[in-house]
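Below you'll find the structure, written out as structure tokens, and then a few comments.
Every number in this text was worked out from the coordinates using simple rules, so none of it is lab data. Just so you know, these numbers come straight off a predicted model, no measurement behind them. All Cβ positions, even for glycine, are placed from backbone atoms using ideal geometry, and neighbour counts span all protein chains on display.
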Amino acid sequence: MAQYGFYVDLNACIGCKACQVACKDRANNEVGTNWRRVIEYGGGDWVKAGNAWQPNIFTYFVPTACHHCSNPPCLPVCPTAAIEKDANGIVKINVDLCIGCHYCEWACPWGAPQFYEELAVVNKCDFCKDLVDAGGNPACVDACPMRAMDWGDIEELKAKYPEAVFPVEPLAGPEDFGPNALYTKHVQAVEGAAGAILNQEEI
């Protein structure tokens, strides 16, 4: 069985949100519902160097969506078996079986499942399964003007981008769910520095 995943080079991402818009358009999502989100993350301070004060300020963008985990935390908590993984490792929600209980939403540490108020169901990124099965790319990948994104079998992505890692700040673990997402860290990323999400209302 294959396991599809996403890759993003954070040095190439300019935070334009074209991936987010393409995803929203393709899924025909309502206002406020975003399967793919672009997080703006930053922080830093002024540090004294001799008689001068210098900034160690950093900021960068982190596009994120469902990680189509190898051991998805959303799947076992669904009381109606509405969530399943297909032969390519894509985690999909069958909205016809969903009863809107929120369990998957609460189980996911990355906020991938999104609740639809009017329909009282949950749905999320499905890896553009229809496009991929037809031989195309996920909408977010095609939309990126900087070509910062890639997708494919996760083992092939790891070989293609050996410097890529997961997680990156501000995305949390735990890694035991086997998230299938890889990121090349931004050059401004400061290990251990206290940062904050700067566009919380947008995501």
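General remarks:
- Cα lying deepest toward the dipole's positive end in the chain, options Tyr41, Thr64, Trp151, charges on Cβ: Tyr41
- Cα Rg over Rh - the stretch 51-166, Kirkwood: 1.07
- Spatial separation of Cα centroids for the stretch 142-203 and the stretch 1-78, in angstrom: 7
- Gln200 versus Ala49: modelled label distance in nm, points set 7 Å from Cα along the beta carbon direction: 3.1
- Fully extended contour minus Cα-Cα distance, from Leu119 to Val187, at 0.36 nm per residue: 20.2 nm
- Extending 7 Å from Cα along the Cβ direction at Glu30 and again at His102 yields two label points whose distance is 1.6 nm.
- Cleavage-rule hits (GluC sites (Glu not before Pro)) in the stretch 107-183: DSSP loop, at most 14 neighbouring Cβ within 10 angstrom: Glu117, Glu118, Glu163
- Lysine pair count for the chain with Cα-Cα distance under 25 Å and sequence separation of 8 or more or different chains is 22.
- Where no second cysteine Cβ lies under 4.7 Å, the cysteines concerned in the chain: Cys13, Cys16, Cys23, Cys69, Cys78, Cys98, Cys101, Cys108, Cys128, Cys144
- With Cα atoms, 0 to 90° folded angle of helix 18-27 axis to the chain main axis: 10
- Contact order normalised by residue count of the chain, Cα under 8 Å, 6+ apart, percent: 33
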